[in-house]
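Below you'll find the structure, written out as structure tokens, and then a few comments.
The values are calculated or read from the model by the stated rules, or taken from the named source; none is laboratory data. Note that the structure is a prediction, hence the values are computed from the model and not measured. Backbone-built Cβ (ideal geometry, glycine too); neighbour counts: all protein chains shown. These area figures cover heavy atoms from the full protein model, side chains too; ligands, DNA and RNA do not enter into them. Shrake-Rupley method; radii C 1.70, N 1.55, O 1.52, S 1.80 Å.
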Amino acid sequence: MAGIGSSNYWEDLRKQARQLENELDLKLVSFSKLCTSYSSSRDGRRGDTSDTTPLLNNSTQDRMFDTMSVEIEQLLAKLTLVNDKMAEYTNTPGTASLNAALMHTLQRHRDILQDYTHEFHKTKGNFLAIREREDLLGSVRKDIETYKSGSGVNNRRTELFLKEHEHLRNIAMATKENMTSQRGMLKSIQSRVNTLANRFPTINNLIQRINLRKRRDSLILGTVIGVCTILLLLYAFH
């Protein structure tokens, strides 16, 4: 490394470190304001559920967040490299007499780098947590709006279903009443027939004789048919 033993090299490293620290300080202030304004703007739009509200992933603030995150990470990497070079310089021969002062200066720059790194990750984590929360709330609000918009259709379907159910119920009740009426009519006719039979025994006896004769004729006919069938079978196998 050219001129590594010269004091000018050390001063150049300190100058680079201070310049990077100043840039990081300004970037981190802007980064913190971005996160704060992001949260406030989302709170202000929380009541707006129209379709014209831009999605978070396409918002200008999200793009600014991504850009600034990359810029800050690059500055932190550069400052880390400068600190490493300063640490390397304190270990070179010929710096023993100045080592205490150099180490003190190096430690101060390291502390600043550590503070900036911690602040960056804290602010970035808060931003991501806010965005994740807003994404979740936005999804819930969208589901609610979808449910509300579809509730009218659901109510209409429910109303039609209830009307159809009532119509079928009325048909069933009418059918039940008709069957009950017919059953009562049949019982009435049977009762009248029994009354007539009991009132006119002669007619009742005549009906019974007719039924007996029909049974007898059926038996005779069945017997004749059976005998004929047997004779035919005997003749066929003779």
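Annotations for the structure displayed:
- 35, 228, reordered so the largest accessible area comes first (probe 1.4 Å): 228, 35
- Taking all protein chains together and a 1.4 Å probe, the residues 72, 112, 220 rank 220, 112, 72 from largest to smallest accessible area.
- Straightening the chain between residue 88 and residue 104 buys 4.3 nm, computed as 0.36 nm per residue apart minus the Cα-Cα spacing.
- The residues neighbouring residue 65, those whose beta-carbon lies less than 10 Å from its own, together hold a net charge of +1 under the Lys/Arg +1, Asp/Glu -1 convention.
- Residue 27 accessible area, 1.4 Å probe, all protein chains in place, Å² to nearest 10: 70
- Chain lengthening between residue 163 and residue 211 when straightened (0.36 nm per residue, less Cα-Cα): 11.8 nm
- Between residue 70 and residue 128, the modelled labels are 1.7 nm apart [label points 7 Å from Cα along Cα→Cβ].
- With the simple model of a label 7 Å out from the Cα in the direction of the Cβ, residue 25 to residue 229 spans 12.3 nm.
- The residues 32, 59, sorted by heavy-atom accessible surface at 1.4 Å with ligands and nucleic acids left out, run 32, 59 from largest to smallest.
- Residues residue 118 and residue 15, FRET efficiency given R0 of 25 Å [Cβ-Cβ distance, rounded to 0.05]: 0.55
- Counting only heavy atoms of the protein chains and using a 1.4 Å probe, residue 185 has close to 120 Å² of accessible surface.
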